[in-house]
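The structure under discussion appears below in the form of structure tokens.
The values are calculated or read from the model by the stated rules, or taken from the named source; none is laboratory data. The shown structure was predicted, so the numbers you read here are calculated from the model rather than taken from an experiment. Note that each Cβ is placed from the backbone with ideal geometry, even for glycine, and that neighbours are counted across all protein chains shown.
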Amino acid sequence: MSYVGICNRKIWLAGHAIEGYHDHELLALGRLLAESAYPRERKELSLPGMKVDVLRRRPADADEDEALVIGEVKRSPRAQHAQRLQLGYYLLRLREAGLHVRGELRYPEQRRVEPVELTPELEAEVRQAIAQVQALLAQPTPPPPARIPACTHCAYYEFCWIAEEPIPPSARMERRSARTTRTREQKR
């Protein structure tokens with residue numbers, strides 16, 4: 001669900017259990033961030049079709065119906081709409097299972113927490129995204145690749161572009177790292 005609105009090919013590949021590059025630097029960084037950012041909270045709750053990064057109990061004075069909070073840890077809010085859809089999907093699935101929880105998008109590098117509630121509007125968007133994903137997964141072959149900015153740091157890069165531009169993942173990461181360093185230096 002986290003790829004909706006970003007890349008249909010990635011949705012199809014992941015939905016058909018085709019895994020991207022396992023040792024992808026950004027995936028490893030994301031896992032490390034999720035594991036280390038909130039050390040006092042329960043990590044990684046796995047349920048069928050979803051994996052939640054953080055689970056915590058709200059303070060004692062909280063509404064008993066929504067005493068639990070699930071959190072998704074992200075590096076940046078760059079794809080916030082897709083991130084909200086992913087978390088909304090989790091909230092919907094949990095509500096359908098009889099659990100009423102709140103959600104949070106957490107950005108530890110920015111020291112930001114964005115609360116997410118399953119409003120009727122978000123629920124409608126999530127249901128529409130579910131229908132879109134189901135239709136996409138019903139196709140016998142993946143959609144053709146479309147070059148977008150996310151391609152340069154995607155774990156599925158080789159599935160789409162290896163014939164066109166055989167750049168090893170380490171070289172792509174070096175390019176990205178150099179760009180990030182230049183950007184950080186410019187901000188100083």
Which one is modelled with the lowest pLDDT among residues in region 64-92 that are part of a helix (DSSP H, G or I) and of a type in the set (G, A, S)?
A79
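Residues checked against (1) at pLDDT 90 or above; (2) buried (at least 19 other Cβ atoms within 10 Å of the Cβ); (3) of a type in the set (A, V, I, L, M):
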{"position": "V4", "(1), (2), (3)": "no, yes, yes"}
{"position": "Y21", "(1), (2), (3)": "no, no, no"}
{"position": "G30", "(1), (2), (3)": "no, no, no"}
{"position": "E35", "(1), (2), (3)": "no, no, no"}
{"position": "S46", "(1), (2), (3)": "no, no, no"}
{"position": "V54", "(1), (2), (3)": "no, yes, yes"}
{"position": "A62", "(1), (2), (3)": "no, no, yes"}
The one condition R95 fails out of (1) modelled with pLDDT of 80 or more; (2) assigned to a helix (DSSP H, G or I); (3) crowded, with 17+ Cβ neighbours inside 10 Å is (3)
Checking H100 against (1) over 19 Å from K51 (Cβ atoms); (2) surrounded by 19 or more Cβ atoms within 10 Å (Cβ to Cβ), only one condition comes out false. Which one?
(2)
If you go through region 121-149, how many residues are of a type in the set (A, V, I, L, M, F, W, C), at pLDDT 95 or above and in a loop (DSSP other than H, G, I, E, B)?
1
Check whether at least one residue in region 142-155 is within 19 Å of G15 (Cα to Cα), touching a helix residue (DSSP H, G or I) at 6+ places or on another chain (Cβ under 6 Å) and loosely packed, with under 14 Cβ neighbours inside 10 Å, and report yes or no.
no
Flag if R56 is assigned to a helix (DSSP H, G or I) and of a type in the set (K, R)
no
Flagged in region 104-122 as surrounded by fewer than 15 Cβ atoms within 10 Å (Cβ to Cβ) and not β-branched (V, I, T), in numbering order, are E109, Q110, R111, R112, P115, E117, P120, E121
Inter-residue pairs, beta-carbon under 6 Å, first under 12 Å from A155 (Cα atoms) and in region 1-14, second at pLDDT below 90 and in a loop (DSSP other than H, G, I, E, B), 6+ apart
K10/Y3; K10/Y156; L13/Y156
For region 175-184, indicate whether the set of residues that are at pLDDT 90 or above and either of a type in the set (S, T, Y) or under 24 Å from S46 (Cα atoms) (or both) is non-empty.
no
